[in-house]
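The values are calculated or read from the model by the stated rules, or taken from the named source; none is laboratory data. Quantities reported herein were computed from a predicted structural model and do not represent experimental measurements. Here the Cβ is made from the backbone with ideal geometry for all residues, glycine too, and neighbour counts use every protein chain on show.
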Amino acid sequence: MVSWKPISPFRLCSLLRSQKDPSLAFQLFTNPNPNHDRPFRYSLLSYDLIITKLGRAKMFTQMEQILQQLQRETRFQIPEPLFCHVISFYARARLPARALHAFLSIPSFRCSPSLKSFNSLLHALLTCRQFNAMSQLMSRVHHFGTPDACTYNILISACSSQGHVERAWKLFDEMRQRGVPPNVVTFGILTNLLCKNSLVQEAFKLKEDMERGFRLKTNVFVYTNLIKGVCEIGDFDWAFRVKDEMVRNNLRLDAVVYNTLINALFKAGKKEEGFRVLEEMKNNGCKPDAVTCNVLIVEHCRQNNFVEAYRVLDGKEGVKPDVVGYNVVIGWLCKQGKWSKAVDLFHDMPRRQCAPDVVTYRTLFDALCQWMQFAEAGLILEEMIFKGFVPHALSLNEFVEGLCREGKFELLLTVLNELGRGGLCNEETWKSVVSMVCTRENMSAPFEVFDTLVLA
DNA sequence: ATAGGGTTAG
């Protein structure tokens, strides 16, 4: 037996840093020295590293296990940003209750929550679109401090995403009245809100105000909003002038700016100009990213050029597109009735290292129902429910109705069982099945179906 | 990573 030099707490950190696989990192953390039974003295940094890694990978069971271990480590006072991370991980996974729980547990880690973690929770609720919970939380803000610019920015974003333009301006006024100066982020949110509502002139007026009245420099975020706004009213000359102004102000044109322009040009049918900007992007040393690929894929599909679309999927632009790119191609294939090709691409996604998401499953399931491919649709639905994704209610009803119409009782039984388990039986499901039971001549099979429904 | 910008679907 070779005797290894035991891993030191310091070495564990560097090993955790370089370990790409979160599961292996977790194993390493929980058992750093397999052949030594002396208790390991973990450093605070190693906790931070493993929690962040697990959170990013949405491995929440393991993350909670480490957090509980950390809770018992009375040697440390845990720095607040770690909790802000944890809260935002739960937000990204759309788990608002867990985010709240993480926030409430902060004192048990010998740390007192300040406005920072309060804002993190507020933002988590916004991400999960829990607007009522946001108001309830705001009524307790005084326990944690006085609302700062960040708090207001989150609240204004919430108004923006609900389309409450007037309320957003009220908050903007309120923050100034209370002596909280708006910052460049505030103006990013507000210009976005204005441009989204086609109030481009007003957005430019606000930019002037921001520079003259508030002495703030317009940054790339604000410029991107403005460029998108002027593109949407079809004024591309203006868009290019804004782009030139950015360069004059020594701002680097990044992929987001280029993607905005290329996408808008394609949408306006200016294909050549779009590709010209793509060339300029590359010549300027700005590398296309996944979104660039997706924008190109949309255009190729619109031109019915699936060969080129697949080339981009294969990494023609030097980057691999993400799940959105796959969803676009699958969506267009479906729209053209090439559902079998769409299913092929879907099955090829794991090999291509891209995990299908809700949109992938919904797109496929919707299309298969529409093209009455019930057997294939049933398989997709099963997998979808297994992964916890929820199908569109409309397609689901179409599917159940189709099965009833075609008398496919065997499949119907399986599906109803799955729907029942997934808690997805709605009133329409019942209506379809009940009306079939009542109109069919051969009553034996429907009775079986009815039994399943009652048992579910 | 305390808050803001670009792509699909709905």
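Condition first: within 16 Å of DNA strand B (Cβ to nearest atom), in a helix (DSSP H, G or I), at pLDDT below 90 and more than 30 Å from A:Gly315 (Cα to Cα). Can you find one or more residues in the stretch A:398-405 that meet it? Explain how you work it out, then say what you get.
Residues of the stretch A:398-405 within 16 Å of DNA strand B (Cβ to nearest atom): A:398-399.
Subset that is in a helix (DSSP H, G or I): A:398-399.
So of that shortlist, the ones also at pLDDT below 90 come out as A:398.
Those left that are additionally more than 30 Å from A:Gly315 (Cα to Cα): A:398.
Yes, some residue in the stretch A:398-405 is within 16 Å of DNA strand B (Cβ to nearest atom), in a helix (DSSP H, G or I), at pLDDT below 90 and more than 30 Å from A:Gly315 (Cα to Cα).
Would you mind finding the one in A:Pro32, A:Pro79 that is within 13 Å of DNA strand B (Cβ to nearest atom) and over 20 Å from the mean Cα position of the chain (by Cα)?
Numbers: A:Pro32 fails: within 13 Å of DNA strand B (Cβ to nearest atom).
Going through A:Pro32, A:Pro79 in turn, just one is within 13 Å of DNA strand B (Cβ to nearest atom) and over 20 Å from the mean Cα position of the chain (by Cα): A:Pro79.
Of all residues in the stretch A:281-318, count the ones that are surrounded by 14 or more Cβ atoms within 10 Å (Cβ to Cβ), farther than 21 Å from A:Asp344 by Cβ and more than 15 Å from DNA strand B (Cβ to nearest atom).
0
Pairs, please: C-beta under 8 Å, at least 6 apart or cross-chain, first residue more than 12 Å from A:Val295 (Cα to Cα) and touching a residue at least 12 places away in the same chain (Cβ under 8 Å) and in the stretch A:246-260, second polar (S, T, N, Q) and more than 9 Å from DNA strand B (Cβ to nearest atom)?
A:Leu253/A:Asn284
Return the residues of the stretch A:64-122 that are more than 30 Å from A:Val358 (Cβ to Cβ) and part of a loop (DSSP other than H, G, I, E, B); say none if nothing qualifies.
Within the stretch A:64-122, A:Glu73, A:Thr74, A:Arg75, A:Phe76, A:Gln77, A:Ile78, A:Pro79, A:Arg110, A:Cys111, A:Ser112, A:Pro113, A:Ser114 qualify.
As an exercise: evaluate A:Tyr90 against (1) at pLDDT below 95; (2) of a type in the set (Ser, Thr, Tyr); (3) surrounded by 17 or more Cβ atoms within 10 Å (Cβ to Cβ) and give the number of the one condition it does not meet.
Tallying (1) at pLDDT below 95; (2) of a type in the set (Ser, Thr, Tyr); (3) surrounded by 17 or more Cβ atoms within 10 Å (Cβ to Cβ), A:Tyr90 fails exactly one: (1).
Counting only residues that are among the small types (Gly, Ala, Ser) and over 15 Å from A:Leu122 (Cβ atoms), how many does the stretch A:150-200 have? Spell out how you get there, then give the answer.
Filtering the stretch A:150-200 down to residues among the small types (Gly, Ala, Ser) leaves A:157-158, A:160-161, A:163, A:168, A:179, A:188, A:198.
Remaining after also requiring over 15 Å from A:Leu122 (Cβ atoms): A:163, A:168, A:179, A:188, A:198.
Result for the stretch A:150-200: 5.
One line per residue, one yes/no per condition, for (1) among the acidic types (Asp, Glu); (2) assigned to a loop (DSSP other than H, G, I, E, B); (3) in contact (Cβ under 8 Å) with a residue 24 or more places away in the chain; (4) more than 8 Å from DNA strand B (Cβ to nearest atom):
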| residue | (1), (2), (3), (4) |
| --- | --- |
| A:Val324 | no, no, yes, no |
| A:Ile330 | no, no, yes, yes |
| A:Cys334 | no, no, yes, yes |
| A:Gly337 | no, yes, yes, yes |
| A:Asp344 | yes, no, no, yes |
| A:Arg351 | no, yes, no, yes |
| A:Ala355 | no, yes, yes, yes |
| A:Tyr361 | no, no, yes, yes |
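Can you confirm whether the stretch A:305-314 contains a residue that is touching a Pro at 6+ places or on another chain (Cβ under 9 Å), assigned to a helix (DSSP H, G or I) and outside the structural domain of A:Glu382 (by TED's automatic domain parsing)?
Within the stretch A:305-314 (the criterion being touching a Pro at 6+ places or on another chain (Cβ under 9 Å), assigned to a helix (DSSP H, G or I) and outside the structural domain of A:Glu382 (by TED's automatic domain parsing)), the answer is yes, since at least one residue qualifies.
Mind checking which residues of the stretch A:115-163 are near DNA strand B (Cβ under 10 Å from one of its atoms) and among the polar types (S, T, N, Q)?
Residues satisfying the conditions are A:Ser117, A:Asn119, A:Ser120, A:Thr127, A:Thr151, A:Asn153, A:Ser157, A:Ser160, A:Ser161.
When the residues of the stretch A:175-207 are filtered to those that are more than 20 Å from A:Ile227 (Cα to Cα) and in contact with a helix residue (DSSP H, G or I) (Cβ under 8 Å, 6 or more places away or on another chain), which remaining residue is nearest to DNA strand B (Cβ to nearest atom)?
The first filter runs over the stretch A:175-207 and keeps only residues more than 20 Å from A:Ile227 (Cα to Cα), leaving A:175-183.
Keeping just the survivors that are in contact with a helix residue (DSSP H, G or I) (Cβ under 8 Å, 6 or more places away or on another chain) gives A:175, A:180-183.
On the way: A:Met175: 10, A:Val180: 10, A:Pro181: 10, A:Pro182: 9, A:Asn183: 5 Å.
Checking each candidate, the answer is A:Asn183.
Can you name the number of the only condition in (1) at pLDDT below 95; (2) outside the structural domain of A:Val400 (by TED's automatic domain parsing) that A:Cys369 fails?
Single failed check for A:Cys369: (2).
Only one of A:Phe29, A:Phe40 is under 21 Å from A:Phe60 (Cα atoms), surrounded by 11 or more Cβ atoms within 10 Å (Cβ to Cβ) and not polar (S, T, N, Q); which? Even if it seems obvious, please write down each step before you answer.
Working: A:Phe40 fails: under 21 Å from A:Phe60 (Cα atoms).
So the residue among A:Phe29, A:Phe40 that is under 21 Å from A:Phe60 (Cα atoms), surrounded by 11 or more Cβ atoms within 10 Å (Cβ to Cβ) and not polar (S, T, N, Q) is A:Phe29.
Only residues that are among the charged types (D, E, K, R), closer than 18 Å to A:Asn294 by Cβ and exposed (fewer than 15 other Cβ atoms within 10 Å of the Cβ): list them for the stretch A:329-387, please. Give the derivation first.
Initially, the stretch A:329-387 is screened for residues among the charged types (D, E, K, R), giving A:335, A:338, A:341, A:344, A:348, A:351-352, A:357, A:362, A:366, A:376, A:382-383, A:387.
Keeping just the survivors that are closer than 18 Å to A:Asn294 by Cβ gives A:335, A:348, A:352, A:357, A:362.
Within the stretch A:329-387, A:Lys335, A:Asp348, A:Arg352 meet the criteria.
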